[in-house]
1. Which value, in debye to the nearest 20, describes the size of the charge dipole of segment 69-220 about its Cα centre when Lys and Arg Cβ atoms bear +1, Asp and Glu Cβ atoms bear -1, and nothing else is charged?
2. Taking the alpha-carbon centroid of each part, what is the distance from segment 137-206 to segment 54-89 in angstrom?
3. Considering only the other residues whose Cβ falls under 15 Å of the Cβ of residue 188, what net charge follows from Lys and Arg at +1 and Asp and Glu at -1?
4. Considering the Cα positions of segment 64-107, please state its Rg to one decimal place and its Dmax as a whole number of Å.
5. Would you mind getting the accessible area per residue of the chain, heavy atoms of the protein chains only, 1.4 Å probe, in Å²?
6. Name the shape class, rounded, prolate or oblate, that the alpha-carbon gyration tensor gives for segment 86-220, where a ≥ b ≥ c are the square roots of its eigenvalues, rounded holds for a/c under 1.5, and otherwise prolate holds if a/b is larger than b/c and oblate otherwise.
7. Report, to the nearest 10°, how far helix 101-113 tilts away from the longest principal axis of the Cα atoms in the chain, using its own Cα long axis and a range of 0 to 90°.
8. Which percent of the accessible area of the chain is formed by carbon and sulfur heavy atoms (probe 1.4 angstrom)?
Amino acid sequence: MRTATLPLFEVAPVATGAREDLAPGACVLRGFALDIATTLLAEVERIAARSPFRHLVTPGGKSMSVAMTNCGAVGWFSDRSGYRYTQRDRESGASWPSMPVVFAEIARAAASTAGFEDYAPDVCLINRYEIGTRLTLHCDHDERDRRAPIVSVSLGLPATFLWGGLARKEPQRRVPLTHGDVVVWGGPARMRYHGVLPVKAGEHPLAGARRFNLTFRVAR
Ligand code: MD6
Ligand code: FE
């Protein structure tokens, strides 16, 4: 019996650098952004100094529990009139901060590793989760170019990602995401439903009691 003599490392927890396929077109790259996480968080701080995190209002009139900001040529925005991308930050009145080169580079490298070449995102939506904050099940359909994948970088506290199907009612898988993990999805997975369960209390050495998520898209 082969299983009886399996060495321990074959059942050890997922290592940094491992690629976990979620579905055709979607995978988790464990620890892919770990080496540059400190730099990414410093850039988030710089961006937030110009375009602060804010709780957007949904078209239904509710304030979102996740705080958001953006960098890039456009930014994702929501109010009573709907979800859309804007060229200016309504709060600051200025254009969104430009996308740091390290952001574009990590997104491009992750996309390439996942099989999507020449990825050139024009926006990075930055989400900030405090303890207890969640993101309800949704799919990302406000982007014009849906051939391009989305690249998502997790920083700070861990979270449980809900990974659903193409219809809202399909069952969801729970995928743990930790600091430095990158999720890439595109192609047949691009319109899948997903969400984030309430972030559990904790303290991260670099991010404190928060989780940050960078999602890169080609919006225009
Ligand atoms: C988050 N992410 O992980 C929220 N959307 O905080 C998303 O909503 C998301 O991670 C599209 C693709 C990847 C994502
Ligand atoms: Fe999303």
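1. So the dipole magnitude of segment 69-220 works out to roughly 520 debye.
2. Comparing the Cα centres of segment 137-206 and segment 54-89, I get a distance of 18 Å.
3. +1
4. For segment 64-107, the Cα radius of gyration and maximum Cα-Cα distance read 11.6, 35 Å.
5. Per residue, the chain has an accessible area of 50 Å².
6. Rounded shape, in that the Cα axes give a/c under 1.5.
7. Result, in degrees: 40.
8. 54
The values are calculated or read from the model by the stated rules, or taken from the named source; none is laboratory data. If you're wondering where the values come from, they're calculated on a predicted model, not measured in any experiment. All Cβ positions, even for glycine, are placed from backbone atoms using ideal geometry, and neighbour counts span all protein chains on display. To get the accessible areas, we keep the full protein, side chains included, count just its heavy atoms, and leave off ligands, DNA and RNA. Shrake-Rupley method; radii C 1.70, N 1.55, O 1.52, S 1.80 Å.
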